[in-house]
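Visitor: Below is a structure I'd like to ask you about.
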Amino acid sequence: MGFWDKLFGNDNNTSSKTEHTSVSPTIDMSKSAESLNKVLINMSKGNKINMTKHIARVALAMDYSGSMSNLFVNGSVQEVITRLLPIALKFDDNGELESWLFSNDKERLEAVTINNYKNYVKSEMMNANIRMGGTNYAPVLKDIVEYYKDVEPSEIPAFIIFITDGENWDIEETNHIVKELSNYNMFVQFIGIGDETFNYLKSLDNMKGRKYDNTGFTAVRDMNLMTDEELYTEILRQYKDWLNTK
């Protein structure tokens with residue numbers, strides 16, 4: 001029985017480990033999964049890649065800077081993680097959303113899965129060793145590259161969803177690692193949330209010295225105000241284009 005089937009409730013032996021936890025009533029995982037499937041079907045039309053059968057390793061890098069504090073406390077980050085998990089359940093053969101936090105430094109956490117997602121922010125992220133601070137992109141990107149290149153190497157592409165609410169302090173270091181990333185089978189979808197201008201992330205479209213344009217960027221004031229279909233389309237459209245260039 002696959003992770004996708006479990007999400008739709010087709011597994012009669014579903015574990016009861018997570019019965020004591022709860023998810024915001026505004027989120028229905030099965031409906032999110034249906035919306036994702038619709039988006040993937042539409043993306044596959046006239047496309048050389050059948051996105052409904054695509055396999056990838058899926059990762060999340062979540063901003064843990066001080067300005068994000070309220071979003072962790074009020075449940076916004078938990079809602080985002082719940083809505084992102086169907087992408088990993090669909091693409092990843094292990095059904096895992098690999099997870100990192102970043103501020104000045106970085107920390108890799110236990111992956112988000114169908115068994116632990118309901119209370120993930122409280123149980124994993126809020127108990128992390130990393131401290132809320134400033135915003136550096138390079139340390140976490142370097143760690144992700146090392147993980148997928150050396151720790152768990154694979155020919156399967158890695159799709160990294162990188163969420164931040166602020167500009168980075170380490171532009172030169174980030175430029176270097178983004179260029180290095182282009183040599184590997186990895187794509188980073190940057191998502192800027194809130195009111196920041198994100199001039200640096202916008203500038204990546206014109207970055208020279210890369211084998212492929214291996215990054216995408218979208219600015220979203222509030223991800224939780226988007227419908228599932230809007231959210232998945234925005235997250236995946238540039239990744240799909242990258243797959244078509246390879």
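Visitor: Calculate how large, on average over all directions, the projected area of the Cα convex hull of the range 116-232 is; give the answer in nm² to one decimal.
Guide: The Cα convex hull of the range 116-232, projected and averaged over all directions, gives 8.7 nm².
Visitor: Another one. Which GluC sites (Glu not before Pro) from the range 73-167 combine a DSSP loop assignment with at most 14 other Cβ atoms within 10 Å? Provide the component values of the computation, followed by the final result.
Guide: Details: sites: E79, E96, E98, E107, E110, E124, E146, E155, E167; in loops: E96, E155, E167.
Sites meeting the loop and neighbour criteria: E155.
Visitor: Continuing with this model, one more query. How far is it, in nm, from the label point at D150 to the one at R237 when both lie 7 Å from their Cα along the line to the Cβ?
Guide: 3.8 nm
Visitor: Translational D (Stokes-Einstein, µm²/s) of the chain at 4 °C and 1.567 mPa s when Rh comes from the Kirkwood sum over C-alpha pairs?
Guide: 71 µm²/s
Visitor: 5 Å is the cut-off here: which amide hydrogens, built 1.01 Å from N in the peptide plane, fall below it relative to V58, excluding neighbours closer than 5 in sequence?
Guide: E98, F159
Visitor: Using only the Cα atoms of the range 37-151, what are the Rg and Dmax in Å?
Guide: Looking at the range 37-151, its Cα Rg and Dmax stand at 15.3, 46 Å.
Visitor: Report the FRET efficiency, 1/(1 + (r/R0)^6), for N115 and D28, where r is their Cβ-Cβ distance and R0 is 22 Å, rounded to 0.05. List each step's numbers first, then the result.
Guide: Working: r = 18 Å, r/R0 = 0.82.
For N115 and D28, the calculated efficiency is 0.75.
Visitor: Which lysines, on any chain, are close to K45 with Cα under 30 Å apart, when same-chain ones fewer than 8 places away are left out?
Guide: K6, K31, K53, K90, K202, K211, K240, K246
Visitor: Same structure again: Which one, M186, F162, T233, projects farthest toward the positive side of the charge dipole computed for the range 155-246 from Cβ point charges (K/R +1, D/E -1)?
Guide: Ranked along the dipole, the leading option is M186.
Visitor: Over the chain, with every protein chain in place, what whole percent of the accessible area is carbon and sulfur at 1.4 Å, could you tell me?
Guide: Working: 5090 of 11600 Å².
Answer for the chain is 44 percent, counting heavy atoms of protein chains only.
Visitor: Between W169 and N129, what FRET efficiency comes out of the Förster formula 1/(1 + (r/R0)^6) with R0 = 25 Å and r the beta carbon distance, rounded to 0.05?
Guide: About 0.75, to the nearest 0.05.
The values are calculated or read from the model by the stated rules, or taken from the named source; none is laboratory data. Bear in mind the structure is a predicted one, so any value in this text is a computation, not a measurement. FYI the Cβ positions are ideal-geometry reconstructions off the backbone, even for glycines, and counts take in every protein chain you see. Heavy atoms of the whole protein, side chains included, go into the accessibility calculation; ligands, DNA and RNA do not. Shrake-Rupley method; radii C 1.70, N 1.55, O 1.52, S 1.80 Å.
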